[in-house]
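K.L.:
Quick one: structure below, then a few questions.
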Amino acid sequence: MRARTMGMTLAQWRVIHAVSRAEGATQRSIAEAMDVGDVTASRLVDRLVEKGWIERRVDQYDRRAHRLYLTPAATPLLAQLTMLGEDEQRNQLAGVTREELAMVSDILDRMIANLEQADLSAGLPACESMDID
């Protein structure tokens with residue numbers, strides 16, 4: 001909700017964060033990193049390009065691929081989003097010890113591994129992500 005006051009959705013925030021961590025990445029690799037479909041990533045990037053926060057550049061070796069870069073206009077936004085994220089994390093983890101957090105993380109990792117193993121045992125393909133805007 002706080003990101004909305006800055007004119008963006010949580011999904012758009014995730015794209016900006018992903019691009020900031022891997023500038024020059026392809027749109028497809030950003031989609032994979034976010035665990036969303038190519039069409040969803042494309043729509044999100046379209047909106048961020050329209051707002052002037054991300055630019056697409058044609059890959060010099062593969063004209064079908066687009067590389068993503070933050071624009072100078074995104075720099076102050078990224079700083080604000082980083083502070084907002086840190087503040088939200090402090091709120092979420094208030095009263096939680098490092099040991100408790102490590103335990104929860106370990107349990108979730110085991111649950112994910114169990115689900116992945118169950119899918120493999122049943123001969124099912126890995127779970128596909130849902131497309132969200």
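K.L.:
Look at D109 and say whether it is touching a Lys or Arg at 6+ places or on another chain (Cβ under 9 Å) and among the charged types (D, E, K, R).
P.N.:
Details: touching a Lys or Arg at 6+ places or on another chain (Cβ under 9 Å): no; among the charged types (D, E, K, R): yes.
No: the conditions fail for D109.
K.L.:
Under 9 Å by Cβ, and 6 or more places apart or on different chains, what pairs join a residue from the range 93-120 that is in contact (Cβ under 8 Å) with a residue 12 or more places away in the chain with one that is in a helix (DSSP H, G or I)?
P.N.:
Listed pairs, sorted by first residue: none to list.
Yes/no per residue for (1) buried (at least 18 other Cβ atoms within 10 Å of the Cβ); (2) of a type in the set (F, W, Y); (3) on the phi > 0 side of the Ramachandran plot:
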| residue | (1), (2), (3) |
| --- | --- |
| W13 | yes, yes, no |
| G24 | no, no, yes |
| R67 | yes, no, no |
| L84 | no, no, no |
| Q89 | no, no, no |
| L101 | no, no, no |
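K.L.:
Of all residues in the range 1-29, which are in a helix (DSSP H, G or I), over 22 Å from E86 (Cα atoms) and in contact (Cβ under 8 Å) with a residue 24 or more places away in the chain?
P.N.:
Q27, R28
K.L.:
So which residues in the range 27-49 are open to solvent by 30 Å² or more (accessible area, probe 1.4 Å) and out of contact with any helix residue (DSSP H, G or I) (no Cβ under 7 Å at 6 or more places or on another chain)? First the steps, then the outcome.
P.N.:
Of the residues in the range 27-49, the ones open to solvent by 30 Å² or more (accessible area, probe 1.4 Å) are 27-29, 32-33, 35, 38-39, 42-43, 46-47, 49.
Across the range 27-49, the qualifying residues are S29, E32, D35, V39, R43, D46, V49.
The values are calculated or read from the model by the stated rules, or taken from the named source; none is laboratory data. Computed from a predicted structure; not experimentally measured. Note that each Cβ is placed from the backbone with ideal geometry, even for glycine, and that neighbours are counted across all protein chains shown. Ligands, DNA and RNA are excluded from the accessible area calculation, which covers all protein heavy atoms including side chains. Shrake-Rupley method; radii C 1.70, N 1.55, O 1.52, S 1.80 Å.
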